[in-house]
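Notes follow the structure.
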Amino acid sequence: MRKVDIVTKIADVTGVPKTDVLITLEAFFKEVKNQVKSGESVYVRGFGSFIPKKRAQKIGRIITRNETVVIPEHYIPAFKPAQNFIDQVKKHLIPGQEPTPQDQQEEE
């Protein structure tokens, strides 16, 4: 599913015009990015958390030149799903089996 599919789905369910849904969704993404960039976490109850995750300094290798390089400590954006979200996915997705349309309808 792509962003345009999400916008269409939300517009169909809520009756809000697609342009308004897109503006709202873009504003949400922008605010999440700004908060994580500034070192803050964003918690969406029942969905998950967008967090800045610290990566420790480590030694890497450039294989083609047979060199060792130091990769400094840095932060990356990460997403940690809420436990009930994890449980819903575990309940409806069985390894080796495609989700049914009924499973997708139950989530809505």
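What the table below lists for this structure:
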item: Hits among lysines - C-alpha to C-alpha of Lys37 under 27 Å, sequence gap 8 or more where chains match; result: Lys3, Lys53, Lys54, Lys58, Lys80
item: Helix-derived mean residue ellipticity, 222 nm - over the chain, DSSP H n ≥ 4, -39500 (n - 2.57), to 500; result: -14000 deg cm²/dmol
item: Under the Karplus curve 6.51 cos²θ - 1.76 cosθ + 1.60, θ = phi - 60°, whole-Hz ³J(HN,Hα) for the stretch 68-83, x wherever Gly or Pro sits; result: 9, 10, 8, 9, x, 4, 7, 10, 10, x, 9, 10, 10, x, 5, 4
item: Two-site FRET efficiency, Thr8 against Phe47, from Cβ-Cβ distance with R₀ of 25 Å, rounded to 0.05; result: 0.80
item: Among Ile86, Ile59, Ile71, residue whose mean-square fluctuation peaks in a GNM of the chain (springs only between Cα atoms under 10 Å); result: Ile59
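Bear in mind that the values in this text are calculations on the coordinates, not laboratory data. Computed from a predicted structure; not experimentally measured. Cβ atoms come from the backbone with ideal geometry, glycine included; neighbour counts cover every protein chain shown.
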